[in-house]
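The values are calculated or read from the model by the stated rules, or taken from the named source; none is laboratory data. Since the structure is predicted, the reported quantities are computational estimates derived from the model, not experimental observations. Because the Cβ atoms are built from the backbone with ideal geometry, glycine has one as well, and the counts that use them run over all protein chains shown. The area values use the complete protein model at the heavy-atom level, side chains included, leaving out ligands, DNA and RNA. Shrake-Rupley method; radii C 1.70, N 1.55, O 1.52, S 1.80 Å.
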Amino acid sequence: MTVFEATTGPGETPASDAVAPRDSTADAPTSVARLNATIRDFVARWNTVWVEGEITSWNVRAGNVFARLKDTRSDAQISIRIWSSVRTRIPEDLGVGDHVVAAVKSDYFVKSGDFSFTVSSMRHVGLGDQLERLERLRAQLRQEGLFDPARKKRLPFLPHTIGLITGERSDAEKDVQRNAELRWPQVRLRTEYAAVQGERCVPEVLTALARLDADPEVDVIIIARGGGDPQTLLGFSDERLVRAVAAASTPVVSAIGHENDRPLLDDAADLRASTPTDAAKRVVPDVGEQRALIAQLRSRATMRLTQRVGHDIAQLEQLRSRPALRSPDPIIDSRAQELWLLLSRGRDTVTRQLDGAARKTAELRASLRALSPAATLARGYAIAHLDGGAILRDAADAPAGTRLTITVDRGSIAAVSDGEVPEGR
């Protein structure tokens, strides 16, 4: 125990270290060191207490653990420290969300005025009630298909307007805006402020989401919040918010907390970003990278085009260097002589065939004329036809009064039979 001794004489104002807190006055105040030492000595008399609660934060530094323990039925919390020597005697799988029973002893730090509890033993009781409910809800929503990758929408390559839902004047807003403008200076942000923890969190985020989703100019929506313990992030695991994000027509990016934080919103969103900074980098393309890519594509296109033109020029020069194209006159002359010979041969062949065909036609014409009745009529003969057109071959077939048609070499004559039969018949 620290001992403070008075160094003043009679009638003098005592030094602050010499005044006990219970004896302090406005004229004779006690010192901060004396007050802290008194508090330390008082709490040092407390015995070890077994306490039940839920771990809401778990940070390991230099082998020691600095954590917080929350009451399972209220918002009351305490800070706890687990030294490395004790950590080797407790379960290795302890972490955020675990329901535990711990043996703690109060510890007051005089230098900083911090009050915490040192853990001498800790064991599991079961999964924290809140995380247990969240896990049941997660399983239910996954079974309904709300977390199915097939239903997630693709983000636009270059959004014209980015909707941002975050706390007013928050670090998350600054991180998103700064990194988005660094990557694409002309980026436009439409920010809707909402409470990011507490009772107002879910209603205000739902209202902001509905406004941005109804705006046709907004191409993608980022819901961003800085890190925090699971208790402060519970609003982003609310079933109403998760279902609203899944039903939104605009792609939604979840950027809640840090890498280790995993609210249900991360599973329902179309893209999960580990931090607000990561969200800006994944939503907005880097103008420098795009310019470098365009320059690279231009260079490749120029090289390919140059190679193609050079190859075609070389191929053309190769064709032009061939004898047939370099001096085509001898080839044309030889082909002309060959063509003239073929033409003369064809003309003679056609002439002979025409002469033979003419002779054969004359012979056939003479034969036809010799067999034709017209040749007989030309020699003075005639042909008699009855009215029906039948040729009269027997005079007995034409009794007196029968009308006849007499055909001669040039024309025909109508006649009437007299019925006489020539003698000698």
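Reported value for the stretch 116-249: 161 Å³ per residue, from the convex hull of its C-alpha atoms. For the stretch 22-135, the share of DSSP beta bridges that are antiparallel, to the nearest 5, is 95%. Could you compute the net charge surrounding Arg298? Neighbours are other residues with a C-beta less than 12 Å from the C-beta of Arg298; K and R count +1, D and E count -1. My count for the surroundings of Arg298 gives +3.
Here the relative contact order of the stretch 184-266, from alpha carbon pairs under 8 Å that lie six or more residues apart, stands at 31 percent. Here Ile391 and Ser367 are evaluated by their C-beta separation; at R0 = 30 Å the FRET efficiency comes out at 0.85. Based on C-alpha pairs under 8 angstrom that are at least 6 apart in sequence, the chain has a relative contact order of 8 percent.
Dipole magnitude for the stretch 243-327: about 860 debye, using +1 per Lys or Arg Cβ and -1 per Asp or Glu Cβ, origin at the Cα centre. Computed about its Cα centre, the charge dipole of the stretch 291-425 is approximately 1820 debye, with only Lys, Arg, Asp and Glu carrying charge at their Cβ. The listed residues Trp340, Trp46, once ranked by accessible area (1.4 Å probe) with the largest placed first, stand as Trp340, Trp46.
Summed over qualifying helices (DSSP H, 4 residues or more, each -39500 (n - 2.57)) and divided by its residue number, the chain shows a 222 nm mean residue ellipticity of -12500 deg cm²/dmol. When the surface is traced with a 1.4 Å probe over the full set of protein chains, Thr302 keeps roughly 90 Å² accessible. Ligands, DNA and RNA left out, the accessible area of the chain computed with a 1.4 Å probe is 53% carbon and sulfur. Per residue, the accessible area of the chain comes to 64 Å² when a 1.4 Å probe rolls over the protein heavy atoms. The residues packed around Leu377, meaning those with a beta-carbon under 10 Å from its beta-carbon, carry a net charge of +1 if Lys and Arg are +1 and Asp and Glu are -1. Projecting the Cα atoms of Ile383, Ala336, Val32 onto the charge dipole of the chain, computed from C-beta unit charges around the Cα centre, puts Ile383 farthest toward the positive end.
In the chain the Cα-Cα distances spread across 10 Å bins starting at 0 as 4, 12, 12, 10, 9, 7, 5, 4, 4, 4, 5, 6, 5, 4, 3, 2, 2, 1, 1, 0, 0 percent of all pairs. The DSSP beta bridges internal to the chain are antiparallel in roughly 70% of cases.
Of Leu141, Leu271, Leu354, the residue with the greatest mean-square motion in the GNM of the chain, using alpha carbon springs below 10 Å, is Leu354.
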